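I'd like to ask some things about the structure below.
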Amino acid sequence: MANLQLSGIIEKMTGKDKDYRYMATSDLLNELNKDSFKLDSDLEMRLSTIILQQLDDVAGDVSGLAVKCLAPLVKKVGKERIVEMTNKLCDKLLHGKDQHRDTASIALRTVVAQVAPSLAPSILVTLTPQMIGGISGQGMSPGIKCECLEIMCDVVQKYGSLMADDHEKLLNTLLLQLDCNQATVRKKTVTCIASLASSLSDDLLAKATVQVVKNLSNKNAKSEITRTNIQMIGAISRAVGYRFGTHLGNTVPVLINYCTSASENDEELREYSLQVSPDSLFYFVTRRTSLFSYPMDT
């Protein structure tokens, strides 16, 4: 595309007319999706800047198109520009206006999904600490925590093995959220820990399991917190499969205790305990653990 024509698109993208901004952003998206569309360093900077600005556009259809532009743009710009965009998007999410938070979150998840594996370590260095801060930071709203948890879930699912140095800090942060008063935060935390579990070392997997069992040993915990931790055991066991075998001796008795001791008014707690990881319970039984005193058929 001729630079003159591209300059015209950029000019319209920054204009006052919403329709012009929409059409210009649409034209840019079409060009970015062409294999023949190439960028020099100057165009990289100009386009990344304008697209990030469009994410805050008052017209939702324009900002939506800007998010779509990120996917092909990430594939056409260099590492320095991707890191810069990641930092700016993190700042929008953590410190920007509430009305722009959802768009910033979707944009970050787009970057995570589209960045080349060879460049992933470069963005993880800056993205991971900021998302951990968003999850654990005092004064962060539940909404921001949930967005950060969703982003980190995407990150660990795709790049969990590349971020071993951050596993312990991330795990410690997530485990603290299992006691959060906000149900949505706890739910997303369970999902994030489960996604992380498959790439954890045996020591960190043991640490996670021990902490969840410890949480379940707190008889003064609210019933909803207890249910979350029961769900956490099931989610971890499903995520790591046979690796959970060494932890069954500590976890299954706790679950059975909740099944037998739950009050008549807390059938939901009993149901949660019974539903947790049938595969793990089967594995536990077939290994003939000491919980059962009667002989089992072979």
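The values are calculated or read from the model by the stated rules, or taken from the named source; none is laboratory data. Source: prediction; values computed, not measured. Counting neighbours? That spans all protein chains shown, and the Cβs are built from the backbone with ideal geometry, glycine included.
Please go through region 133-178 and pick out each residue that is in a loop (DSSP other than H, G, I, E, B) and modelled with pLDDT under 95. Explain how you work it out, then say what you get.
Here is the first cut: in region 133-178, the residues in a loop (DSSP other than H, G, I, E, B) are 137-141, 163, 178.
The answer is Gly137, Gln138, Gly139, Met140, Ser141, Met163.
Oh, and also: Picking from Val112, Val125, Val185, which residue would you name as being in a helix (DSSP H, G or I), of a type in the set (A, V, I, L, M) and touching a Pro at 6+ places or on another chain (Cβ under 6 Å)? First the steps, then the outcome.
Values: Val112 fails: touching a Pro at 6+ places or on another chain (Cβ under 6 Å); Val125 fails: touching a Pro at 6+ places or on another chain (Cβ under 6 Å).
When all the criteria are applied, what remains is Val185.
Name the residues in region 89-106 that are crowded, with 17+ Cβ neighbours inside 10 Å and either of a type outside the set (A, V, I, L, M, F, W, C) or part of a loop (DSSP other than H, G, I, E, B) (or both), would you?
The first filter runs over region 89-106 and keeps only residues crowded, with 17+ Cβ neighbours inside 10 Å, leaving 89-90, 92-94, 96, 101, 103-106.
Once the filter is applied, which keeps residues that are crowded, with 17+ Cβ neighbours inside 10 Å and either of a type outside the set (A, V, I, L, M, F, W, C) or part of a loop (DSSP other than H, G, I, E, B) (or both), region 89-106 yields Lys92, Gly96, Arg101, Thr103, Ser105.
Regarding region 213-236, can at least one residue be identified that is among the basic types (Lys, Arg) and modelled with pLDDT of 95 or more? It would help to see each step written out before you state the result.
Filtering region 213-236 down to residues among the basic types (Lys, Arg) leaves 214, 219, 222, 227.
From what is left, the residues that are modelled with pLDDT of 95 or more are none.
Scanning region 213-236, I find no residue that is among the basic types (Lys, Arg) and modelled with pLDDT of 95 or more, so the answer is no.
Leu52 - would you say it is touching a helix residue (DSSP H, G or I) at 6+ places or on another chain (Cβ under 6 Å) and closer than 22 Å to Met13 by Cβ?
Working: touching a helix residue (DSSP H, G or I) at 6+ places or on another chain (Cβ under 6 Å): yes; closer than 22 Å to Met13 by Cβ: yes.
Here the answer is yes, as Leu52 does meet what is asked.
Within region 188-208, how many residues are assigned to a loop (DSSP other than H, G, I, E, B) and of a type in the set (Ser, Thr, Tyr)? Walk me through it before giving the result.
Residues of region 188-208 assigned to a loop (DSSP other than H, G, I, E, B): 198-201.
Then keep just the ones that are of a type in the set (Ser, Thr, Tyr); that gives 198-199, 201.
Residues meeting the conditions: 3.
Now a separate question. Considering region 34-49 alone, what residues qualify as being surrounded by fewer than 20 Cβ atoms within 10 Å (Cβ to Cβ) and in a helix (DSSP H, G or I)?
First, the residues of region 34-49 that are surrounded by fewer than 20 Cβ atoms within 10 Å (Cβ to Cβ): 34-46, 49.
Ser41, Asp42, Leu43, Glu44, Met45, Arg46, Thr49 - these are the residues of region 34-49 that are surrounded by fewer than 20 Cβ atoms within 10 Å (Cβ to Cβ) and in a helix (DSSP H, G or I).
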